[in-house]
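The values are calculated or read from the model by the stated rules, or taken from the named source; none is laboratory data. Model, not experiment: these values are computed from the prediction. Cβ placement follows ideal geometry from the backbone for every residue including glycine, while neighbour counts extend to all protein chains displayed. We work out accessible area using only protein heavy atoms, side chains counted, and drop any ligands, DNA or RNA first. Shrake-Rupley method; radii C 1.70, N 1.55, O 1.52, S 1.80 Å.
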Amino acid sequence: MPSNNVYIEIPKSHLIRLKNYISDIWKIDCTISNDYILIKDVDLSSLLKRIYNDEIKLWRYITRIYPYNSETKNYEEILTLQFQDKIFRVVGHPKEIEDKLLDDLDDKYELNPKTFTHYLSTIFLAQNYFYGLYPSHLYYKRPVDSFDPISRAYYKIYESISIFNISIKKDWKVLDIGSSPGGWVQYFRNRVNSIIAVDPAELKLKDLSGIVHLQKKVEESLEEIKKYGKYNILTCDMNQDPREIAQTINSLSQFMKSDAILILTLKMIFKNKQNQESLVNDTVQILSKEIKNMKVKRLFANSKYEKQLFGVFL
Ligand SMILES: C[S@@+](CC[C@H](N)C(=O)[O-])C[C@H]1O[C@@H](n2cnc3c(N)ncnc32)[C@H](O)[C@@H]1O
């Protein structure tokens with residue numbers, strides 16, 4: 001059985017993050033090749049299971065995958081595969097190659113994108129065709145996410161909890177600042193008993209029972225925040241200069257339990273990379289008065305101008 005290699009297609013903006021995730025979290029060697037992730041000598045069935053069952057729903061970001069076990073410069077070679085007695089589907093890239101394959105195979109063999117028993121995977125990169133014929137159970141079909149979060153921000157907290165290895169306990173008190181429209185609150189609502197959400201804007205959750213919403217700025221809510229404390233975790237997704245937020249967080253540390261967790265979205269208010277780096281360093285520096293074990297990561301769910309900070313209150 002020839003070994004399988006796989007090209008994974010993902011938006012360019014997520015390429016490096018995916019490469020790091022596959023190497024660091026899945027512990028699978030991979031490289032970036034021609035703007036794709038390339039994994040060599042992989043068991044396709046296990047890889048697909050891994051993608052479908054991934055903790056952070058990695059499949060949300062993966063567009064297509066192209067497994068291959070053959071490589072050629074000669075297009076005609078692809079047409080010599082054993083297509084007989086099969087119903088198949090063509091998965092090709094770029095689109096012109098897919099169309100050409102469909103044209104060339106359509107007359108002779110049975111093609112059906114729904115009832116296929118096999119699929120032909122072909123990707124043309126750097127003047128080479130990488131191709132293979134696979135049974136339909138090894139076809140990657142991006143799942144439909146039946147869950148409809150209140151905001152896309154939901155996935156930032158979802159991913160943070162997983163990536164930073166946080167075990168949430170039901171009896172935790174969560175202080176979420178900058179909560180509207182409520183994705184993070186939605187994440188916590190069935191996981192903990194007590195949530196204090198602070199934001200002058202509205203929460204869009206249908207049922208707010210069990211959630212205390214302080215509908216004003218965090219700076220104006222200190223008395224009430226104190227009243228409901230102390231908290232096990234402080235989460236903050238406020239759209240404000242992270243250095244200012246760091247000062248606010250330091251002032252809230254008195255209401256946190258020791259070893260409480262901090263999850264903070266750092267909004268990159270500068271476009272320039274160097275300025276962004278200084279911004280992160282300055283924020284970490286300010287926070288270091290009250291926070292230890294800080295880690296900063298770019299999550300899949302982070303936008304182009306965001307990073308995620310994890311830390312533990314002293
Ligand atoms: C990106 S949104 C938060 C999204 C939220 N995490 C979710 O899951 O839906 C940023 C929020 O921060 C709030 N915000 C900005 N400055 C604030 C402040 N000083 N105090 C409280 N909330 C603030 C804004 O009103 C806005 O709703």
Q | Lys, Arg +1 and Asp, Glu -1 on Cβ, resulting dipole of the stretch 154-313 about Cα centre, debye, nearest 20 | A | 440 debye
Q) If the chain between N53 and E224 were fully stretched, how many nm would it gain, using 0.36 nm times the residue separation less the Cα-Cα distance? A) 57.5 nm
**Q.** log₁₀ of I(q)/I(0) at q = 0.09, 0.10, 0.13, 0.16 Å⁻¹ - the chain, Debye sum with one point per alpha carbon
**A.** -0.58, -0.68, -0.93, -1.20
Q | Percent of beta bridges antiparallel (DSSP, the chain, rounded to nearest 5) | A | 55 percent
Q) What's the lysine pair count for the stretch 20-78 at a Cα cut-off below 20 Å, pairs eight or more apart or interchain? A) 6
Q: May I ask for the distance between the Cα centers of the stretch 153-198 and the stretch 294-314, given as a whole number of Å?
A: 15 Å
Q. Of the heavy-atom accessible surface of the chain (probe 1.4 angstrom), what whole percent is carbon and sulfur?
A. 46 percent
Q) Computed FRET efficiency, Cβ-Cβ of N128 and I168, R0 51 Å: what is it to the nearest 0.05? A) 0.60
Q: Using the Karplus curve 6.51 cos²θ - 1.76 cosθ + 1.60 with θ = phi - 60°, work out ³J(HN,Hα) for each residue of the stretch 83-95 in order, rounded to whole Hz, and write x for Gly and Pro.
A: 8, 4, 6, 9, 9, 9, 10, 10, 10, x, 9, x, 3
(Q) Suppose all protein chains stay in the model; what accessible area per residue would a 1.4 Å probe give for the chain, in Å²? (A) 50 Å²
Q) Between K289 and S13, 0.36 nm times their residue separation minus their Cα-Cα distance comes to what? A) 96.0 nm
Q) Which whole-number percent gives the relative contact order of the chain, counting Cα pairs below 8 Å spaced six or more residues apart? A) 12 percent
(Q) What percentages make up the Cα-Cα pair-distance distribution of the stretch 5-138 when the bins are 10 Å wide from 0? (A) 12, 43, 33, 12, 1
Q. Using a Gaussian network model of the chain with C-alpha springs under 10 Å, which one of E98, E290, E77 is most mobile by mean-square fluctuation?
A. E77
Q.
Could you tell me which residue out of Q247, L120, Y52 lies farthest along the dipole of the chain toward its positive end? Charges go on the beta carbon: Lys and Arg +1, Asp and Glu -1, centred on the Cα centre.
A. Q247
